[in-house]
């Protein structure tokens, strides 16, 4: 028997992985700001889902309760913490520059009780920031955690406009990054122009994964463009493959003249080996 818990999904930063917490008896709604214990300390989170029942197996960790919804005093402190975090970001930028560290300071945040400051930064190389941590600890009288993030997370954090003209998917709705491979672009019959299929982070665009399953399923057992196959006992060159019309155009030679033949995908699908 799988035991279940009635939980709320909470994010502590925009589009961060959702953490689940049990209710505390208060009337909690989506978008409410709540105080929670996290692995990093006492933190403020926003409720993004719930209440809903999940098994402990689905959750995968021990569930604790939401401490409380933010009251007026909490909200005032939370607002002040954000101002202090912005100040901490600027001071970190100055001190990193003084030390000659190749760091792009992206964001800073205080834990709710101000016992710890987390500073996020990007860099094209590994950075020895031990001296910087000492300077910041003296400056703020708090524990300092400098956290280097990858280029994809960097774009997600600061936001950017994609090739489509909209804000990048990662800064709008993606909570985690999938593994994107060049084979996905090939499967979707895209011209392999790296500039056209790379995002603002310089990596392959996340949206290449969105329709990949459709193309893999639709094009199974369909010959590739440019290949030569046998059609009615004569060689035939595959000219185009249209996944939306589900049609393959072949070129054969009849009486020394090229002739185009259009075939539905079903022609090839019914010849698929069993199990494909």
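The values are calculated or read from the model by the stated rules, or taken from the named source; none is laboratory data. Computed from a prediction, not measured in an experiment: that's the story for all the values here. In this analysis, Cβ positions are derived from the backbone assuming ideal geometry, glycine residues included, and neighbour counts consider all displayed protein chains.
Does the range 141-156 contain at least one residue that is more than 26 Å from residue 80 (Cβ to Cβ), surrounded by fewer than 19 Cβ atoms within 10 Å (Cβ to Cβ) and in contact with a helix residue (DSSP H, G or I) (Cβ under 9 Å, 6 or more places away or on another chain)?
The answer is yes, given that some residue of the range 141-156 is more than 26 Å from residue 80 (Cβ to Cβ), surrounded by fewer than 19 Cβ atoms within 10 Å (Cβ to Cβ) and in contact with a helix residue (DSSP H, G or I) (Cβ under 9 Å, 6 or more places away or on another chain).
Based on this model, can you work out whether residue 169 counts as surrounded by fewer than 19 Cβ atoms within 10 Å (Cβ to Cβ) and at pLDDT 95 or above?
Considered against the rule, which asks whether it is surrounded by fewer than 19 Cβ atoms within 10 Å (Cβ to Cβ) and at pLDDT 95 or above, residue 169 comes out as yes.
Among 78, 21, which is touching a residue at least 40 places away in the same chain (Cβ under 8 Å), part of a strand (DSSP E or B) and in contact with a strand residue (DSSP E or B) (Cβ under 8 Å, 6 or more places away or on another chain)?
It is 21.
I'd like to know if the range 221-228 contains one or more residues that are free of Cβ contacts under 8 Å to residues at least 60 places away in the same chain and touching a helix residue (DSSP H, G or I) at 6+ places or on another chain (Cβ under 6 Å).
yes
Taking the condition of being assigned to a strand (DSSP E or B) and crowded, with 16+ Cβ neighbours inside 10 Å, how many residues in the range 52-71 meet it?
Within the range 52-71, the subset assigned to a strand (DSSP E or B) is 52-55, 65, 68-69.
Now drop any that are not crowded, with 16+ Cβ neighbours inside 10 Å, which leaves 54, 69.
The total comes to 2.
Give the range 167-180 a look and list any residue that's touching a residue at least 24 places away in the same chain (Cβ under 8 Å) and part of a loop (DSSP other than H, G, I, E, B), or say none.
Listed by number, the residues that qualify are 168, 173, 174, 175, 176, 177, 178, 180.
What tally of residues in the range 106-126 results from selecting those that are more than 18 Å from residue 76 (Cβ to Cβ) and more than 25 Å from the chain's Cα centre (by Cα)?
2
Taking the options 42, 101, 106, 70, name whichever one is modelled with pLDDT of 95 or more, touching a helix residue (DSSP H, G or I) at 6+ places or on another chain (Cβ under 8 Å) and under 28 Å from residue 7 (Cβ atoms).
Within the list 42, 101, 106, 70, the selection yields 70.
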